[in-house]
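The values are calculated or read from the model by the stated rules, or taken from the named source; none is laboratory data. Keep in mind it's a predicted model, so treat the numbers as computed, not measured. Here the Cβ is made from the backbone with ideal geometry for all residues, glycine too, and neighbour counts use every protein chain on show. The protein model used for the area step is the full one, side chains on, heavy atoms only, and it has no ligands, DNA or RNA in it. Shrake-Rupley method; radii C 1.70, N 1.55, O 1.52, S 1.80 Å.
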Amino acid sequence: MPPRTSHPFDSLAERFAQVVADRLAPLLAQTAPRRGPGRPPGSGAGQKLRGRKLDMRCRYPGCKNKSKGPRFRFLCADHLKLSKKDQEAALAKWAGKK
Ligand SMILES: [Zn+2]
């Protein structure tokens with residue numbers, strides 16, 4: 001197999017790629033901090049934060065009350081009065097639904 005000599009087009013393409021890269025680099029650096037054009041300000045990050053917020057609803061099936069949070073196993077004041085067994089059953093049901 002004869003050694004492949006460098007084709008003139010290869011170096012031309014290489015130079016072209018280099019020129020394009022040199023031209024684009026400053027443009028990319030300029031536009032990068034803007035995080036994509038056309039996005040309405042505030043909508044993206046805000047919604048993401050809202051989505052990550054804890055689901056504070058009571059875990060008891062059908063209960064519309066707000067729970068007292070993770071330290072209370074996400075049960076509302078009413079359902080915290082239930083026996084541990086009933087709480088467990090409610091939590092198991094809630095986990096199964098997910
Ligand atoms: Zn409840």
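Quick rundown of the values:
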{"read-out": "R0 of 30 Å, Cβ-Cβ distance Lys68-Lys97: FRET efficiency to nearest 0.05", "value": "0.90"}
{"read-out": "Descending principal axes extents, region 54-97, alpha-carbon based, whole Å", "value": "23, 21, 18"}
{"read-out": "By average C-beta atoms within 10 angstrom, highest first, the peptides 68-80, 7-19, 84-96", "value": "68-80, 84-96, 7-19"}
{"read-out": "Distance between modelled label sites at Leu27 and Ala89, nm, 7 Å Cα→Cβ extension", "value": "6.7 nm"}
{"read-out": "For region 54-97: accessible area per residue (Å², 1.4 Å)", "value": "74 Å²"}
{"read-out": "Heavy-atom accessible surface of region 54-97: percent carbon and sulfur, 1.4 Å", "value": "55 percent"}
